[in-house]
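The values are calculated or read from the model by the stated rules, or taken from the named source; none is laboratory data. Just so it is clear, the structure is predicted and the values come from calculations on it, not from any experiment. Ideal geometry is used to build each Cβ from the backbone, glycine not excepted, and the neighbour counts take in all protein chains shown. Protein only, heavy atoms only, side chains kept; ligands, DNA and RNA dropped before computing areas. Shrake-Rupley method; radii C 1.70, N 1.55, O 1.52, S 1.80 Å.
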Amino acid sequence: MRKSRISAVAAMAAAAALALTGCGGSGDEAGAGDTVKIGIKFDQPGLGFKDGDKFTGFDVDVAKYVANELGFAEDKIEWVSAPSANRETLLETNQVDMILATYSITDSRKERVAFAGPYFVAGQDLLVRTDDSSITGPDTLKGKKLCSVTGSTSAKKVSDTYPGVALVEQGGYADCLGLLETGGIDAVTTDDIILAGLAATEANKGKFKVVGNTFTEELYGVGLNKENTTCEDVNTAITKMIDSGEWEKSLKANTEGTGYTPNAKLNPPTPAPCA
Amino acid sequence: MQGYLSLWDQYGEKMLSAFWGNLQLTFWAALASLVLGTILALMRISPVPSFRAFGTAYVNIFRNTPLTIIMAFGVLVLFGVFQVQFNSDFDLNFFQIAILGLSIYHAAFVCEAIRSGVNTVPLGQAEAARAIGLSFLPAAWLVILPQAFRGAIAPLGNVLIALIKNTTVAVAGSVTEISGVMKEMLEIRSDVGILIFFTIAVLFVIVVIPVGVLTTYLSKKLAVAR
């Protein structure tokens with residue numbers, strides 16, 4: 001009795017496992033053909049932001065344009081959340097087809113993934129309260145309190161280059177903005193377009209301004225798997241978007257009301273040839 | 001392998017100094033929470049009802065509040081809104097706020113560990129202490145607590161281990177410690193990816209295992225033979 005019950009359970013488990021794998025396999029195959037999975041930030045207003053079931057931001061607009069050029073209409077795009085620490089893994093394991101998530105092109109990242117683009121050149125900048133005119137750039141930071149996100153390139157840049165500055169590190173930029181509003185700190189630092197996106201949200205409108213004195217160059221690229229075949233096509237699409245004026249229109253719409261203009265010397269960029 | 005070695009070249013010193021920060025947090029928070037936890041345990045076994053109620057309320061509130069929230073409160077409210085300055089040194093101020101947060105949180109667990117130790121002391125001990133004329137505090141200090149601590153070594157060891165690992169939450173409080181460095185390494189050195197996690201995990205294992213072995217040994221060695 002005991003033995004037969006156990007074998008029955010084992011048989012059921014095996015059957016269930018078979019059914020599950022069978023189901024999963026066919027689902028994947030159907031999915032790969034007619035949709036494209038794009039990794040974006042879900043929590044970065046102005047760039048990649050999930051608003052209910054809608055996605056908004058500059059990265060999202062570029063992604064939509066590029067996908068359209070590659071033959072995927074808007075309803076064929078599957079948006080995937082791509083937090084900073086997971087981006088390489090998502091691409092390597094083909095969980096996404098491309099990533100547009102404030103993804104700076106760097107040499108250490110090129111070891112694991114490929115990049116198309118750049119589609120935008122950002123630079124590290126400062127966000128201050130609207131009524132604060134004492135901070136005009138990194139050289140005026142002496143004795144000021146600064147906030148950035150723990151472990152970010154921006155935080156490292158400040159602590160390496162401007163050792164006299166007091167730096168608060170927080171888990172996200174929203175926490176930094178909270179501190180900036182209450183006066184605990186004097187400025188928030190990261191890429192200018194991220195700051196502009198934060199300042200342009202409904203809740204923050206009019207409270208903060210971007211200083212507009214960048215001190216780094218961050219080339220935002222489209223992350224791709226190393227074995228991609230789409231890099232050239234993505235570059236063509238980016239060039240087309242810039243030439244058509246769509247690029248500038250989207251940029252303006254997503255940073256409205258913050259007085260922000262991207263570094264005109266470097267923007268719009270020319271995509272680098274694919275390796 | 002080459003890439004991993006260059007990670008140590010680039011970040012070795014920073015990792016170790018950050019991990020030293022974790023150990024310092026552990027030391028001060030362990031000390032403070034032991035004191036606070038003992039006082040709370042005394043309150044919970046005291047004959048004064050209002051003390052007992054306060055002890056119970058404290059334990060239930062702080063044991064059930066996520067540590068991250070306590071840490072975020074320290075920075076966003078204590079520092080951000082009320083501009084609390086424990087120290088004129090900007091970074092040290094956050095370090096001390098983090099110790100405060102860790103101590104407040106872990107005191108609740110220390111209190112419960114000691115109370116479980118108190119439960120191992122037979123009622124007759126308390127009655128005998130009263131019979132020779134000791135009032136509550138001397139009876140607790142001279143008779144109950146020394147035996148309770150010896151019975152509570154294992155649970156206190158568990159609290160200490162949890163504390164060591166929980167110091168990583170201080171990253172939410174803007175303290176330079178190992179999980180913040182880990183985030184930075186993942187951002188800058190994404191080429192070595194998963195090895196970064198293993199390295200940090202090994203650092204913690206190296207510290208936590210001896211603590212576990214020591215407390216198990218002590219709890220056997222010092223157990224009150226009854």
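Points worth noting:
- Exactly one residue out of A:ALA85, A:ALA32, A:ALA10 is surrounded by 13 or more Cβ atoms within 10 Å (Cβ to Cβ), in the same structural domain as A:GLY245 (by TED's automatic domain parsing) and modelled with pLDDT under 85: that is A:ALA85.
- Here the condition is being out of contact with any helix residue (DSSP H, G or I) (no Cβ under 8 Å at 6 or more places or on another chain), within 14 Å of another protein chain (Cβ to nearest Cβ) and closer than 20 Å to A:GLY172 by Cα; of B:VAL81, B:VAL77, it holds for B:VAL77 alone.
- Some residue of the range A:56-79 being farther than 17 Å from A:TRP247 by Cα, in contact with a helix residue (DSSP H, G or I) (Cβ under 8 Å, 6 or more places away or on another chain) and within 14 Å of chain B (Cβ to nearest Cβ): no
- Test set (1) under 28 Å from A:GLU92 (Cα atoms); (2) modelled with pLDDT under 90; (3) within 14 Å of chain B (Cβ to nearest Cβ) - A:ASN228 fails condition number: (3)
- Of all residues in the range A:85-114, those that are within 9 Å of chain B (Cβ to nearest Cβ) have Cβ atoms under 6 Å from Cβ atoms of residues that are open to solvent by 10 Å² or more (accessible area, probe 1.4 Å) and not in a strand (DSSP E or B), 6 or more apart or on another chain, in A:ALA85/B:LEU186; A:GLU88/A:ARG112; A:SER108/B:ARG189; A:SER108/B:ASP191; A:GLU111/B:ASP191; A:ARG112/B:ASP191.
- A:ALA199 being in contact with a Ser or Thr (Cβ under 9 Å, 6 or more places away or on another chain), not charged (D, E, K, R) and not assigned by TED's automatic domain parsing to the domain that holds A:SER84: yes
- Taking the range B:118-226 as the region of interest, the helices (runs of 4 or more DSSP H) fully inside it that hold 1 or more residues being within 14 Å of chain A (Cβ to nearest Cβ) and exposed (fewer than 13 other Cβ atoms within 10 Å of the Cβ) are B:194-221.
- Any hit, the range B:52-68, residues being of a type outside the set (Ser, Thr, Tyr), part of a helix (DSSP H, G or I), more than 25 Å from B:ILE164 (Cβ to Cβ) and open to solvent by 70 Å² or more (accessible area, probe 1.4 Å): yes
- Any hit, the range B:59-68, residues being of a type outside the set (Val, Ile, Thr) and within 14 Å of chain A (Cβ to nearest Cβ): yes
- Tally, over the range A:161-193, of residues that are open to solvent by 20 Å² or more (accessible area, probe 1.4 Å), within 11 Å of chain B (Cβ to nearest Cβ) and assigned to a helix (DSSP H, G or I): 5
- For the range B:25-51, the set of residues classified as surrounded by fewer than 16 Cβ atoms within 10 Å (Cβ to Cβ) and not in a helix (DSSP H, G or I) consists of B:PRO47, B:VAL48, listed by residue number.
- Any hit, the range B:98-107, residues being within 14 Å of chain A (Cβ to nearest Cβ), crowded, with 18+ Cβ neighbours inside 10 Å and outside any helix (DSSP H, G or I): no
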